[in-house]
1. With the condition being more than 30 Å from residue 156 (Cβ to Cβ), in contact (Cβ under 8 Å) with a residue 40 or more places away in the chain and hydroxyl-bearing (Ser, Thr, Tyr), I'd like the strands (runs of 3 or more DSSP E) fully within the stretch 27-104 carrying at least 1 qualifying residues.
2. So residue 213 fits all but one of (1) under 20 Å from residue 128 (Cα atoms); (2) part of a loop (DSSP other than H, G, I, E, B); (3) charged (D, E, K, R); what number is the exception?
3. What strands (runs of 3 or more DSSP E) lie completely within the stretch 248-316 and have 1 or more residues being surrounded by 11 or more Cβ atoms within 10 Å (Cβ to Cβ)?
4. Please verify whether the stretch 101-113 includes one or more residues that are surrounded by fewer than 16 Cβ atoms within 10 Å (Cβ to Cβ) and within 12 Å of the ligand (Cβ to nearest atom).
5. Residue by residue through the stretch 178-196, note down the ones that are within 14 Å of the ligand (Cβ to nearest atom) and either closer than 21 Å to residue 232 by Cβ or not assigned by TED's automatic domain parsing to the domain that holds residue 133 (or both).
6. Going by what's in this entry, would residue 226 be described as surrounded by fewer than 14 Cβ atoms within 10 Å (Cβ to Cβ), in contact (Cβ under 8 Å) with a residue 12 or more places away in the chain and touching a His at 6+ places or on another chain (Cβ under 8 Å)?
7. Among the numbered conditions (1) closer than 21 Å to residue 126 by Cα; (2) of a type in the set (Asp, Glu); (3) more than 8 Å from the ligand (Cβ to nearest atom), tell me where residue 169 comes up short.
8. From 210, 217, 223, grab the single residue that is closer than 19 Å to residue 152 by Cα and either away from the ligand (no atom under 15 Å from the Cβ) or among the charged types (D, E, K, R) (or both).
Amino acid sequence: MPSPLDEPAPGEPAPLGESSQPLDISACHTASIDPPWSGVRRGALRAGERVRLTDPKNHRHSVLLEAGKTFFTHKGSIDHDAMIGQPDGQVVTSTGGVDYLVLRPLLADHVVSMPRGAAVVYPKDAAQILVMADIFPGAHVVEAGVGSGALTCSLLRAVGTGGVVSSYERREDFAAIARDNVDGFFGGSHPAWRLTLGDLAVDLAERERDVDRVILDMLAPWDCVDGVATALAPGGLVCAYVATTTQLSRFVETVRAHGGFTEPESWESLVRGWHVEGLAVRPSHRMNGHTGFLVTARRLAPGTSAPRRSRRPAPGAYGHDYTGPRPAGPAVNE
Ligand SMILES: C[S@@+](CC[C@H](N)C(=O)[O-])C[C@H]1O[C@@H](n2cnc3c(N)ncnc32)[C@H](O)[C@@H]1O
């Protein structure tokens, strides 16, 4: 029980986690109000929104609800009007007697089922990027390429309307697909999103300054390292997502050779589901064995060079077979 002596003096802020006034969350948690620009809808299902129907065999169908329309399956049909106006999480029965669970898709459902131009960043990697690249509300984030717009949705949600996600895509057809997917998820043009048709390796240094985070998901992220160094604010972070070990090596060595970044950190994440049923508790038989590797590095202050590594490279790391970029310093040329 806090004593009266613990009360903050007039004008002083209350200690973290305490407040003299009870927090009124009713305004933002009214069941019928959609949180703005979250992609989340609340209350009864409405015409014009997408729902996911799941049958007893776990087959999923994405359906855009429209008044007067019918969804046909090989086990009978379901009128959209039987779902519109009903709560999320209902069960509807087709004319063939099959029950379907009706749920609004989550962001992770949306990105794996939406139309694709290029391969998307899967939710397990998007989750890693959001935390390990430290994407925060109000951040100025640059990303390329936008591809199908999957990662863009997560970035926009994390920066919120007070931030900026500046996305670059060099293919017009992919940019159009991404625009549809991102606008479709948020229900309109997100106020924090800028989509530029162009090559990031060319545009970054010319168009972006004081950037907090740069996220690279492209074939040749090493082409952007000089531009990233120009665009990032001191202490800012670059994160690359690459599919192969050769890309991983070339990106890391290019960042290291640049000298204006901290030592890059590289990892991959493996996610394995579990089957949990009574006494049968075991790992799932199937998992995604490989999606991609992640690398992060922080931008140093202008004119500052990365401290020389005190640890010598592994024997042969930069031997005569190695032809990639080399960090400066005698230790690595031996
Ligand atoms: C794997 S996809 C990106 C997927 C995206 N992150 C997503 O989650 O949907 C790679 C994209 O990068 C684009 N790209 C490659 N190099 C680029 C560059 N230098 N500038 C802009 N876009 C580039 C490609 O056209 C492609 O659409």
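The values are calculated or read from the model by the stated rules, or taken from the named source; none is laboratory data. Treat the numbers as computed from the prediction; the structure is a model and nothing was measured. For neighbour counting, all protein chains shown are included, and Cβ atoms are generated from backbone atoms with ideal geometry for every residue, glycine included.
1. Details: elements: 50-54, 60-64, 70-73, 76-79, 90-93, 99-103.
Where strands (runs of 3 or more DSSP E) fall fully within the stretch 27-104 and carry at least 1 residues being more than 30 Å from residue 156 (Cβ to Cβ), in contact (Cβ under 8 Å) with a residue 40 or more places away in the chain and hydroxyl-bearing (Ser, Thr, Tyr), they are 99-103.
2. Result: residue 213 passes all but (2).
3. Working: elements: 265-267, 274-277, 280-283, 293-298.
Answer list for the stretch 248-316: 265-267, 293-298.
4. Yes, the conditions are met somewhere in the stretch 101-113.
5. 193, 194, 195, 196
6. Numbers: surrounded by fewer than 14 Cβ atoms within 10 Å (Cβ to Cβ): no; in contact (Cβ under 8 Å) with a residue 12 or more places away in the chain: yes; touching a His at 6+ places or on another chain (Cβ under 8 Å): yes.
So residue 226 does not fit the description; no.
7. Only one criterion in (1) closer than 21 Å to residue 126 by Cα; (2) of a type in the set (Asp, Glu); (3) more than 8 Å from the ligand (Cβ to nearest atom) is unmet by residue 169, namely (3).
8. The match here is 217.
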